[in-house]
Every structure is written in C-alpha cells, then in structure tokens.
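So the structure is just underneath, and the comments pick up after that.
Read the figures in this text as sums done on the coordinates, not as results from a lab. Nothing here was measured: the structure is a model prediction, and the numbers come from that model. Reconstructed Cβ throughout: ideal geometry from the backbone, glycine too, with neighbour counts over all protein chains shown.
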Amino acid sequence: MIRKAKYSDATSIQNLICLFSETGKVLFRSLDEIRGNISSFWVYEKNSQVVGVCSLKSGWGRLIELRSLGVDPRYSGQGIGTKMIEVSLKEAMSTDCDELFVLTYAVSMFKRLGFSTIDKAKLPQKVWNDCNACLHQENCDETAMVLSLASLRQKKATQTLPTAAAI
C-alpha cells in the first residue's frame with residue numbers, strides 16, 4: 001500500500017535510502033533532513049514494513065524533482081518502483097509546475113513511463129547544489145530525464161472536453 005510518510009517512518013526511510021546511498025545510487029539523506037521534509041515523502045508499506053520510498057522536491061520555479069526513489073531489493077521486480085513514480089506523478093500534476101525531472105540510473109523504467117532524456121546542462125544550476133554530497137560528483141553518470149506535466153494536463157483536458165457530436 002502506498003501512503004504519505006509519517007514522522008514515525010523517518011528511520012525506515014533513512015534505512016532504505018542508506019541501502020542505495022552507499023553505492024551512490026541515491027543521495028544520502030540525514031535523519032534530520034528526512035524528518036524536516038517528511039511531508040514530501042511517499043512510502044510503500046508491505047506487511048507493516050516500509051519497502052519503498054520516494055519524494056518530490058520543488059523550489060526551481062516551474063520544475064519539480066522526483067528523488068530518493070528506492071525499493072528494498074527483496075521486493076524488486078514487483079512493480080513497486082513504478083507505482084511510487086505514478087503516485088509522485090499524480091502529486092506533481094496537482095502543483096503549478098510544468099515539468100517533472102529525475103536524475104536516474106533506471107532509464108528504461110522512466111522511458112516506459114513517458115520520460116524523455118535531456119542534457120543535464122539544461123537543468124537550473126541550483127539543482128546541482130545537492131551534487132556536492134554525491135559520490136559521483138566529479139564524474140556524474142546519472143541520466144537527466146523530464147516529463148512535461150503541462151502536456152499531460154493539456155492531454156487530460158482535451159480528453160474530458162465534450163466533442164461537437166456530443167453537444
């Protein structure tokens with residue numbers, strides 16, 4: 001079950017993030033940082049245990065980032081990551097942001113969900129502030145990808161408008 005994270009989930013969230021931050025797959029997040037931003041996190045709970053996590057971060061104008069995506073390796077291949085992305089996308093659609101971006105190693109998964117690869121240099125410079133804590137900061141090998149929320153909203157609006165034949 002996917003739900004918004006609660007303050008009491010912070011340690012479980014950090015434990016999951018640490019699994020992936022040790023190899024540089026996601027950025028380390030301190031317990032204080034997680035607690036201070038708990039409302040931006042989603043968790044996937046299975047058998048009363050947090051097995052998936054992700055968050056959204058805004059603050060770059062009309063751009064929002066999907067970040068800290070991770071699924072307990074014991075539960076990989078079950079679609080949990082995809083479901084976490086989908087719930088994040090739904091939340092991002094409710095903001096006034098025009099694009100959702102991600103820095104990722106899971107390129108094929110994000111492509112399958114409609115994201116496109118972009119040149120990292122097109123992202124605002126302040127996005128890179130977090131890179132100071134990355135193991136790969138000197139040789140970044142993540143792929144930048146975006147999804148146009150504005151286009152999705154437009155598509156959704158045209159699908160719900162009545163056609164001339166229906167009037």
Equivalent ellipsoid dimensions for region 2-159 as semi-axes, Å, which come from the Cα gyration tensor, largest first: 23, 19, 15
Value of Rg/Rh across region 1-95 [Cα atoms, Kirkwood radius]: 0.94
Most exposed first, judged by fewest Cβ atoms within 10 angstrom, F28, F115 run F28, F115
Which of D9, D98 has the fewest other C-beta atoms within 10 Å, and how do the rest follow up to the most? D98, D9
Estimated distance in nm for a label pair at D32 and Q154, the labels positioned 7 Å out from Cα along Cα-to-Cβ: 4.5
Tell me, W60, W42 in order of fewest to most beta-carbon neighbours within 10 Å? W60, W42
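Could you tally the net charge around V146, taking each other residue with its Cβ under 9 Å from the Cβ of V146, Lys/Arg +1 and Asp/Glu -1?
0
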